[in-house]
1. Can you pull the one-decimal nm distance between simple spin-label points at Glu161 and Ser95, each 7 Å off the Cα toward Cβ?
2. Determine the gain in length on full extension of the stretch Asp48-Ser68; use 0.36 nm per residue of separation and subtract their C-alpha separation, reporting nm with one decimal.
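Only the coordinates and a few stated rules stand behind these numbers; no lab work does. No experiment lies behind these values; they were computed from the predicted model shown. Here the Cβ is made from the backbone with ideal geometry for all residues, glycine too, and neighbour counts use every protein chain on show.
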Amino acid sequence: MSEPIASSLADPGRLLELSAAGDLDAFARFYDLMSPRVHGLALRILRDPGYAEETVQEVFLQVWKQASGYSPSLGSVQSWVLTIAHRRAVDRVRSESSATRRDEADAATGVNHLGDIAEQVTDQISRDEDAAGVRRCLGELTDNQRQSIEMAYFTGLTYREVAEQLDAALPTIKSRIRDGLRRLKSCLGGELS
């Protein structure tokens, strides 16, 4: 690999630029490069590994969707991504704190907010329908694609860790995941973009 190509693979700005153009491999490299810092920041703020992992996923989904909106005038790519992570983590803390206060107030007064409950039920139904659609579409993938995607996205393994666990070459795993994500996107009607 020539030096300019190799150095561009470690340049978050270049990787984000390629990601904005739809390059899934570049986004995977970008994720591998940036996720440890994003996870560390989220964990430091949230102090809960589960919430931190969820926040990391939300951050990178937002980065994927907004990659074309990044401008160097917003600061370095790293600063931009960490700002998104910080905001998401703080929002999560505020949301959890607000829910706890609301629950405590309801328990103290015995009041039940029917509007909140109806909204929660509606949200849960929507999430259940989304999950059913994803499960259905995962069933249409090859076993190798499904297994690779589940390991990378549902258990949080890096592509390299997936390759090691499946005893497959890293480019093979990246290809399986890329092709599987394309099939998922198609099956879900383009909702992953």
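1. 2.3 nm
2. Values: separation 20, 0.36 × 20 = 7.20 nm, distance 3.11 nm.
Stretched out fully, the Asp48 to Ser68 stretch lengthens by 4.1 nm.
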